[in-house]
Amino acid sequence: MSPKASKAPPAPADPPRAVQLEMYYFMRLTRTLDERAHALHRQGKIVGGLFSSLGQEAISVGSAFALDRGDYLGPLIRNLGAVLVRGHTPREVMTQYFARATSPTRGKDNSQHFGDVRRTGVVAYISMLGTMVPVMAGMALAARIRGERRVALTYVGDGATSTGDFYEGLNFAAVQRLPLVVIIENNGYAYSTPVSRQTLLKDLAEKARAFGIPGYVGDGNDVLEVYRMTRRCVEDARAGGGAQLLELKTFRMRGHAPHDAAEYVPRELFEEWARKDPIERFERALGLSPEERRAVEERVQKEVDDAVEFAENSPWPEGPEALRGVFEDDSLVRFTPWWER
Amino acid sequence: MPERTYLQAISQALREEMESDPSVILLGEDIGVYGGAFKVTEGFLDRFGPNRVIDTTLSEEGFVGAAIGAAYAGLRPVVEFQFIDFIACAFDLIVNFAATSRYRWGQGVPVTFRGPWGAGSRAGPFHSRSVEMWFAHSPGIKVVAPATPSDAHGLLKACIRDNDPCLFLEHKYLYRRVKEEVPDGAPPIPIGKARIAREGKDLTIVSYGMMLHRCLEAAARLEDVSAEVIDLRTIYPLDRDAVVESVRKTNKVMIVHEDTRTGGLAGEIAALLNEEAFEHLDGPIVRVTAPDTPVPFSPPLEDFFLPGVETIVRAARRLAAY
């Protein structure tokens with residue numbers, strides 16, 4: 001176990017082609033959902049924040065495929081792909097965006113802030129960045145205490161590596177030798193702040209040295225490399241190797257959210273990273289036949305159309321629903337104004 | 001029946017819950033080998049092992065987050081803050097993450113956050129705070145503040161068994177100063193239920209924590225005034241009915257707490273009574289609280305800061321005569 005950042009750990013084997021085709025499907029599904037959501041946002045049909053993973057699909061899909069059933073996953077705003085791989089449906093995603101009563105949070109929270117610990121192992125994230133690191137460390141802790149061989153995986157952006165939660169959570173996991181894998185999804189910008197204003201380090205994975213854990217750097221736009229590197233970290237963590245830090249380099253191909261035109265990003269960077277598009281690269285690597293490509297396209301379109309239709313036709317939640325679910329016992333939230341008595 | 005200090009009652013509740021439920025684990029700084037800064041968990045490491053009594057890194061965000069995650073994964077963690085003042089370091093994870101979790105996505109967080117609270121120990125601004133209203137004003141977390149050993153025992157058990165996050169405030173001034181018979185294995189005491197600590201008919205004094213004892217002493221000194229003293233026991237959810245009912249009987253009320261005045265619980269109770277019992281009031285609703293300052297260190301300053309028995313007596317006489 002080397003505490004310093006190294007280029008590439010020895011690689012597990014690539015998954016069979018049938019599995020790779022599923023990975024491709026999930027990358028396409030992620031992008032299609034993302035593009036459709038942006039179109040609906042422009043039409044004013046969906047409300048609230050919308051965070052794109054355009055150009056970053058390989059990290060979510062490759063890493064989620066590296067987990068076993070029963071493992072825990074703590075996503076971030078740009079990990080739609082990982083949430084889909086874990087079993088959440090396009091309908092769940094769209095009803096969230098549409099803030100409908102049928103959504104997983106019944107309209108209580110927006111964007112992809114949802115999950116289901118028992119069914120998918122996914123934990124709903126919050127807007128404070130870095131908080132998932134100690135929380136997922138706690139899930140890994142519980143697994144160890146109960147003698148279960150589960151691994152917890154979570155993501156932080158380059159910006160969140162500056163937070164106290166990142167340090168406190170990862171250090172706690174390191175000291176306790178917990179099976180926690182933290183992926184730094186380095187996409188160049190935290191809102192408008194470039195990585196160079198976030199750290200003086202060349203590679204964020206060098207921060208692993210501060211915790212005495214392994215740190216690796218990989219190509220975040222190569223889904224198979226993401227899969228192999230994450231799989232190795234997951235296997236090491238499961239085998240008792242403790243916490244692992246993996247930095248995957250990628251690029252955010254849109255602004256922070258739809259209102260942000262990202263004018264602070266030099267155009268050349270977009271052009272450079274467009275040439276490294278993870279979906280096109282994977283298509284070439286897979287040597288997809290036109291029939292295979294069309295089959296995936298049709299499957300994805302059908303599912304996304306269905307999700308949008310379902311969400312649009314779903315009812316809005318009723319106002320008093322706002323009073324429910326604060327505690328297990330709803331009667332604790334009493335709200336009868338004086339003038340109505 | 002064994003007589004226990006407030007501190008021993010807390011320790012006993014923790015031990016009983018750990019014995020009866022293997023999913024209860026403890027996390028905190030120095031709680032293992034050392035037994036905790038106030039020795040609440042002394043002997044626990046030997047008895048329950050390092051898997052259930054976890055000495056953490058010095059990182060409130062780290063171990064509070066870990067407790068939330070462990071709760072998601074099916075455990076019932078109890079987190080000790082060495083002094084409750086340090087809970088500010090973990091504020092984000094408690095109010096943003098834990099307190100909203102059930103509301104946002106239906107996932108309860110059965111974590112108990114506990115720690116020594118309050119002034120009176122000459123401990124200065126960072127080891128004396130009252131933090132209850134930070135959390136009472138953050139929907140999704142229950143706030144409990146017992147004044148007696150048996151309440152500390154029964155309410156802590158209730159917090160640990162509760163499926164929502166609970167903040168259990170234990171007044172460190174009471175740790176070794178109050179003693180009471182607490183039976184082994186006594187059952188939990190329901191969260192959110194106040195108690196009439198002393199019956200009376202002329203005015204109601206509402207309080208909690210260490211101040212409850214000063215109110216009882218003051219009530220005993222009021223020869224001609226029959227004061228009813230209500231021990232709230234829980235800050236949120238507040239037992240509104242108990243307060244309103246008492247005021248309907250006595251028609252006068254003062255609220256006493258050591259927390260600072262602006263935004264303190266006394267103001268909330270005054271507003272509640274204004275709406276619910278206006279026609280029953282025969283005098284102003286009186287607030288006896290600390291001033292809006294940090295808790296000072298030097299004994300004369302801290303004594304000035306904290307409402308004393310004499311102050312409570314004076315305020316009560318003035319109100320009774322209104």
Inset, instruction - List the residues whose amide H sits under 5 Å from the amide H of residue A:218, counting only those 5 or more places along or on another chain, with H placed 1.01 Å from N in the peptide plane. - result: A:247, A:248, A:249
Inset, instruction - Rounded, prolate or oblate: pick one for the stretch B:134-204, where a ≥ b ≥ c are the square roots of the eigenvalues of its C-alpha gyration tensor, a/c under 1.5 means rounded, and failing that, prolate if a/b is larger than b/c, else oblate. - result: oblate
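Is there a simple number for the mean count of other chain Cβ atoms within 10 Å of the Cβ of residues in A:139-152, and what is it?
Mean shielding by partner chains, rounded to a whole number: 5.
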Legend entry - the stretch B:286-303 versus the stretch B:164-199: alpha-carbon centroid distance in Å: 25 Å
Inset, instruction - Enumerate the lysines that residue B:201 could reach by cross-link, defined here as Cα to Cα under 22 Å, with residues fewer than 8 away along the same chain left out. - result: B:193, B:249, B:252
Inset, instruction - Enter the angle in degrees (range 0 to 90, nearest 10) between the Cα long axis of helix B:240-250 and the first principal axis of the Cα atoms of chain B, meaning the one along which they spread out most. - result: 20 degrees
Legend entry - Förster radius 41 Å - calculated FRET efficiency between residue B:298 and residue B:181 (Cβ-Cβ, nearest 0.05): 0.65
Inset, instruction - Please identify, among A:76, A:153, A:323, the residue showing maximal mean-square fluctuation in a Gaussian network model of chain A using a 10 angstrom Cα cutoff. - result: A:323
Legend entry - Phi-based couplings in Hz for the stretch B:41-51 (Karplus 6.51, -1.76, 1.60; Gly and Pro marked x): 10, 4, x, 5, 4, 4, 7, 10, x, x, 6
Legend entry - Angle between chain B longest axis and helix B:6-20 axis [Cα atoms, degrees, rounded to 10]: 40 degrees
Inset, instruction - Order by neighbour count: B:179, B:157, fewest other Cβ atoms within 10 Å first, most last. - result: B:179, B:157
Inset, instruction - Enumerate the calculated ³J(HN,Hα) couplings along the stretch B:306-322 in order (Karplus 6.51 cos²θ - 1.76 cosθ + 1.60, θ = phi - 60°), each rounded to whole Hz, writing x wherever the residue is Gly or Pro. - result: 7, x, x, 4, 4, 4, 5, 4, 4, 4, 5, 4, 4, 5, 4, 7, 5
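What's the extension gain from residue A:284 to residue A:47 if we count 0.36 nm per residue and subtract their Cα-Cα distance? Could you put the intermediate results ahead of the total?
Values: separation 237, 0.36 × 237 = 85.32 nm, distance 3.65 nm.
Gain on extension, residue A:284 to residue A:47, equals 81.7 nm.
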Legend entry - Cross-link partners of residue A:207 among lysines (Cα-Cα below 27 Å; sequence separation of 8 or more within a chain): A:4, A:7, A:249, A:276
Inset, instruction - Just subtract the alpha-carbon distance of residue B:51 and residue B:281 from 0.36 nm times their residue separation and send over the number in nm, one decimal. - result: 77.3 nm
Inset, instruction - Would you mind checking which residues have amide H under 5 Å from residue B:230's amide H? H placed 1.01 Å from N; only 5 or more apart, or other chain. - result: B:197, B:205, B:206, B:207
Inset, instruction - Apply 1/(1 + (r/R0)^6) to the Cβ-Cβ distance of residue A:291 and residue A:38, taking R0 = 22 Å, and write down the FRET efficiency to the nearest 0.05. - result: 0.15
Inset, instruction - Please average, across the residues of A:124-137, the number of beta carbons from any other chain that are within 10 Å of each residue's own beta carbon, and give a whole number. - result: 6
Inset, instruction - Mind checking A:162-168 for the average number of partner chain beta-carbons within 10 Å of each residue's beta-carbon? - result: 5
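Give the value in nm², to one decimal: projected area of the alpha carbon convex hull of the protein assembly as shown, averaged over all directions.
Over all viewing directions, the protein assembly as shown projects a mean Cα-hull area of 31.8 nm².
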Legend entry - For the stretch B:212-322: rounded, prolate or oblate by the Cα gyration tensor [a/c cutoff 1.5]: oblate
Inset, instruction - Sort A:302, B:252 so the one with the fewest other Cβ atoms within 10 Å of its own Cβ comes first. - result: A:302, B:252
Inset, instruction - Before rounding to the nearest 500, sum -39500 (n - 2.57) across all DSSP H runs of length at least 4 in chain B and divide by the residue total; then give [θ] at 222 nm in deg cm²/dmol. - result: -10500 deg cm²/dmol
Inset, instruction - May I ask you to evaluate 6.51 cos²θ - 1.76 cosθ + 1.60, the Karplus curve with θ = phi - 60°, for each residue of the stretch A:71-87 and list the ³J(HN,Hα) values in order in whole Hz, giving x for glycine and proline? - result: 6, 9, 9, x, x, 10, 4, 10, 10, 3, x, 5, 5, 5, 4, 6, x
Inset, instruction - Using packing as a proxy for protection, rank B:101-109, A:191-199, B:78-86, A:60-68 so that the peptide with the highest average count of other Cβ atoms within 10 Å comes first. - result: A:60-68, B:78-86, B:101-109, A:191-199
Legend entry - Exposure proxy ranking, count of Cβ atoms within 10 Å, fewest first, for B:278, B:305: B:278, B:305
Legend entry - Long-range HN-HN contacts of residue B:115 with modeled amide H, under 5 Å: B:81, B:168, B:170
Legend entry - Cysteines having no other Cys beta carbon under 4.7 Å from their own, within chain B: B:89, B:215
Legend entry - Label point 7 Å beyond Cα of residue B:322 along Cβ direction - residues of the stretch B:211-232 with amide nitrogen under 15 Å: B:228
Inset, instruction - Starting from the Cα gyration tensor of the stretch A:237-287, take the square roots of the eigenvalues, sort them a ≥ b ≥ c, and report rounded, prolate or oblate (rounded when a/c is under 1.5, otherwise prolate if a/b is larger than b/c, else oblate). - result: oblate
Inset, instruction - Mind pulling the angle between the C-alpha long axis of helix B:210-221 and the longest principal axis of chain B? Nearest 10 degrees, somewhere in 0 to 90. - result: 30 degrees
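If r is the Cβ-Cβ distance from residue B:201 to residue B:42 and R0 is 41 Å, what FRET efficiency results, to the nearest 0.05?
For residue B:201 and residue B:42, the calculated efficiency is 0.35.
Only Cα pairs under 8 Å and at least 6 apart count here; give the relative contact order of the stretch A:37-90 as a rounded whole percent.
It comes to 35 percent, rounded to a whole number.
All of the numbers you see were taken from the coordinates with simple rules; none came from a lab. This one's a predicted model, so the numbers in the text were calculated from it and none came from an experiment. Reconstructed Cβ throughout: ideal geometry from the backbone, glycine too, with neighbour counts over all protein chains shown.
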